[in-house]
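Here the structure is laid out as structure tokens; the discussion comes afterwards.
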Amino acid sequence: MNMNMTILGQIISFIIFVYLCMKFVWPPLTAALAERQKKIAEGLDAADKAARELEDAQQSVEAALQESKAQAATLIEQANKRASQIVDEAKDTAQAEADRIKAAAAADVEQEVNRAKEALRAQVATLVVAGAEKILGASIDVNNHQELVDKLAAEL
Amino acid sequence: MASGMSSADYIQHHLTNLTYGNHPVNGWSFAESGQQAAEMGFMAINVDSMAWSVGLGIFFILLFSRVAKNATTGVPSGTQNFIEMIIEFVDDNVKSVFHHKNAIIAPMALTIFVWVFLMNLMDLIPVDWIPSIAAASGIHFMKIVPSTDLNVTLGMSIAVFVLIIFYSIQQKGIMGFLAELSLQPLGKWALPFNLFLELVGLIAKPISLALRLFGNMYAGEMIFILIALLPFWAQWLLSVPWALFHILIITLQAFIFMVLTIVYLAMAHDHH
């Protein structure tokens with residue numbers, strides 16, 4: 001084993017390689033590592049934030065859903081109320097109409113009856129007179145016995 | 001094992017660096033043997049160690065800077081993921097040990113870890129492959145694991161040692177550093193004893209750093225070479241388990257070199 005100038009050569013190359021490593025290897029690589037570390041930290045933060053936002057959104061969706069359900073319930077209730085109201089009104093109207101028609105019909109009937117009565121009365125008077133003539137064998141002056149005949153007719 | 005060679009020659013050959021230097025007789029030339037390399041003294045360079053070491057360093061810088069340049073902050077690709085895993089591993093280690101502000105420590109720890117790992121990894125290439133190719137192209141010696149060369153490990157640990165001294169003085173002042181060396185553990189009346197103890201401790205840091213890595217890799221390489229001496233049909237029985245075990249060793253040694261560097265530099269910054 002001979003000690004010789006190789007030792008100096010090795011010292012010089014060592015210094016050069018350390019210098020090159022300091023200049024071209026270490027700083028860019030550690031910078032890249034630090035940068036990636038920062039990016040990962042930011043990514044994790046963003047993920048946390050997104051999770052929190054999702055939770056918030058879910059909560060607000062839940063709230064909106066509850067509110068709309070309540071609104072729908074109110075609307076249905078109102079609609080039911082309104083429907084029964086309409087049905088009641090329709091019933092009332094129909095009842096009134098029916099009553100009116102019935103009343104009109106009754107009035108008509110009464111009128112017809114009266115008219116028939118009148119007609120009958122008139123005929124009765126004639127018949128009475130004719131009957132009486134036959135019974136009495138004489139003509140009866142309708143005019144003279146008008147009062148009597150009318151009285152008779154009215155009693156019928 | 002090449003024919004016409006004794007086992008001792010084979011091992012010796014595998015443990016000899018390709019050395020270029022100033023030989024007292026031949027002048028500037030490649031050493032033809034370990035003997036000649038030793039005669040060259042300090043004015044020589046282990047060409048194979050330097051080439052593999054620098055080549056692997058360039059591979060490390062190119063691979064990592066390429067990924068760094070195209071680094072995305074989105075979902076990383078496979079390569080980027082792997083590189084980032086290493087970066088985070090090194091960064092965690094630095095942050096758990098080193099609590100001061102210093103822009104050099106982490107990149108240096110990364111360089112040490114990956115570079116030493118790559119140099120150790122050459123140990124897993126079968127010992128004869130590349131030396132055979134080199135021999136075929138006329139290169140007589142080729143040791144492809146730079147961390148089995150004490151020059152290489154010592155070179156790195158000396159650089160670390162210089163940084164230890166530099167930061168000790170920068171953080172504590174020259175007087176503070178000297179006080180730390182001489183006034184503990186026993187107080188000012190035992191100053192020479194303290195100084196001796198602390199200096200030994202200080203010098204031991206780079207020496208142990210270099211020798212630990214060198215020793216582990218050299219021993220590992222030696223065992224691979226010894227296994228390569230077996231008949232070819234029996235080699236896998238030992239080389240496969242040892243290679244699997246060695247994967248652990250090369251990673252561990254790279255890791256230890258890195259962590260101890262961080263610890264030593266953290267100690268240099270701490271005030272006692």
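A short reminder: the numbers here are calculations on the coordinates, not readings from a lab. For clarity, every value in this text was computed on a predicted model and none was experimentally measured. When we count neighbours, we look across all protein chains shown, and the Cβ atoms used for this are built from the backbone with ideal geometry, even at glycine.
Structure notes:
- Residue within segment B:147-162 that is surrounded by 19 or more Cβ atoms within 10 Å (Cβ to Cβ) and away from chain A (no Cβ under 14 Å) present: no
- Residue under evaluation B:Ile112, criteria (1) aliphatic (A, V, I, L, M); (2) surrounded by 17 or more Cβ atoms within 10 Å (Cβ to Cβ); (3) within 30 Å of B:Leu15 (Cβ to Cβ); (4) over 18 Å from the mean Cα position of the chain (by Cα), criterion not met: (4)
- As for segment B:174-193, it holds no residue that is closer than 17 Å to B:Ile262 by Cα and touching a residue at least 12 places away in the same chain (Cβ under 8 Å).
- Scan of segment B:211-227 for residues that are closer than 30 Å to B:Leu183 by Cβ and in contact with a Phe, Trp or Tyr (Cβ under 9 Å, 6 or more places away or on another chain), ordered by number: B:Arg212
- Filter pass, B:Ile262 being touching a residue at least 60 places away in the same chain (Cβ under 8 Å) and surrounded by 18 or more Cβ atoms within 10 Å (Cβ to Cβ): yes
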